[in-house]
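What follows is calculated from the coordinates using simple rules that are stated; it is not laboratory data. Keep in mind it's a predicted model, so treat the numbers as computed, not measured. Glycine also receives a Cβ, built like all others from the backbone with ideal geometry; neighbour counts cover every protein chain displayed.
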Ligand SMILES: [Zn+2]
């Protein structure tokens, strides 16, 4: 599915959250959960700096949705994120039955930047969301914003 102007608005918020994470010593990732009516219901950013490497915003969204949304609301919601879900977060998204995902940069793009900067590969495989959740409705990358998130990753990792 194509990325709309509304999608870009939410992705820009993800970018802001990623910048906020970076400025606070965390990795630059941010995500937003939007319901079927277009209302932002929850947002978070990466919080791994204290040592819990699983504190990704997409996982927090999946957990939040468990106690705040009905199954129908989850299926109709959209998750926006500055970086494509990792396999852990894809699985959580799939298990909770959340709806569409729109990401700013793909996992493959991030992996290629890290390689370009000589950063060693992480312990978890780089997989597209649909390799983990075959039925997921996924859009991305958002070409017009990719350079901005790349700059944030460069500040963190290069
Ligand atoms: Zn993740």
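Scanning the stretch 110-137 for residues that are outside any helix (DSSP H, G or I), farther than 12 Å from residue 85 by Cα and in contact with a strand residue (DSSP E or B) (Cβ under 9 Å, 6 or more places away or on another chain) returns a single hit, 137. Within the stretch 129-140, which residues are buried (at least 18 other Cβ atoms within 10 Å of the Cβ) and either farther than 30 Å from residue 75 by Cβ or out of contact with any helix residue (DSSP H, G or I) (no Cβ under 6 Å at 6 or more places or on another chain) (or both)? Within the stretch 129-140, just 140 meets the criteria. Looking at the stretch 27-104, the strands (runs of 3 or more DSSP E) lying wholly inside it that each contain 3 or more residues that are within 21 Å of residue 125 (Cβ to Cβ) and in contact with a helix residue (DSSP H, G or I) (Cβ under 8 Å, 6 or more places away or on another chain) sit at 78-83. Only a single criterion out of (1) in contact with a helix residue (DSSP H, G or I) (Cβ under 6 Å, 6 or more places away or on another chain); (2) within 22 Å of residue 106 (Cβ to Cβ) is not satisfied by residue 21, namely (1).
Considering only residues of the stretch 13-35 that are more than 17 Å from residue 156 (Cα to Cα) and more than 16 Å from the ligand (Cβ to nearest atom), which is surrounded by the most Cβ atoms within 10 Å (Cβ to Cβ)? Don't jump to the end; show me each part of the working.
If we filter the stretch 13-35 for residues that are more than 17 Å from residue 156 (Cα to Cα), which is where we start, we get 13, 31-35.
If we keep only those that are more than 16 Å from the ligand (Cβ to nearest atom) as well, we get 13, 34-35.
Values: 13: 18, 34: 24, 35: 16.
Applying the filter and picking the extreme gives 34.
Among the residues of the stretch 70-83, those identified as surrounded by 14 or more Cβ atoms within 10 Å (Cβ to Cβ) and away from the ligand (no atom under 16 Å from the Cβ) are 73, 74, 75, 76, 77, 78. Selection of first residues in the stretch 12-30 that are closer than 10 Å to residue 47 by Cα and free of Cβ contacts under 8 Å to residues at least 12 places away in the same chain and of second residues that are assigned to a helix (DSSP H, G or I) and within 13 Å of the ligand (Cβ to nearest atom), restricted to Cβ pairs under 9 Å at least 6 apart or on distinct chains, gives an empty result.
Just wondering, is there one or more residues in the stretch 111-128 that are closer than 20 Å to residue 28 by Cβ, within 16 Å of the ligand (Cβ to nearest atom) and under 12 Å from the mean Cα position of the chain (by Cα)? Before you say what the answer is, go through the steps one by one.
Narrowing the stretch 111-128 to residues closer than 20 Å to residue 28 by Cβ: 111-124, 126.
Checking which are within 16 Å of the ligand (Cβ to nearest atom) leaves us with 111, 114, 121-124, 126.
Still in the list and also under 12 Å from the mean Cα position of the chain (by Cα): none.
No: zero hits.
Every residue, every condition in (1) surrounded by fewer than 21 Cβ atoms within 10 Å (Cβ to Cβ); (2) within 15 Å of the ligand (Cβ to nearest atom); (3) in contact (Cβ under 8 Å) with a residue 40 or more places away in the chain, yes or no:
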position	(1), (2), (3)
37	yes, no, no
40	yes, no, no
53	yes, yes, no
58	no, yes, no
61	no, yes, no
64	yes, yes, no
68	yes, no, no
85	no, yes, yes
89	no, yes, no
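For the stretch 127-146, the tally of residues that are closer than 13 Å to residue 12 by Cα and free of Cβ contacts under 8 Å to residues at least 24 places away in the same chain stands at 1.
Going through (1) at negative phi; (2) in contact with a strand residue (DSSP E or B) (Cβ under 7 Å, 6 or more places away or on another chain) one by one, residue 140 falls short only on (1). When every residue of the stretch 20-28 is checked against the conditions, none turns out to be closer than 22 Å to residue 132 by Cα and within 13 Å of the chain's Cα centre (by Cα).
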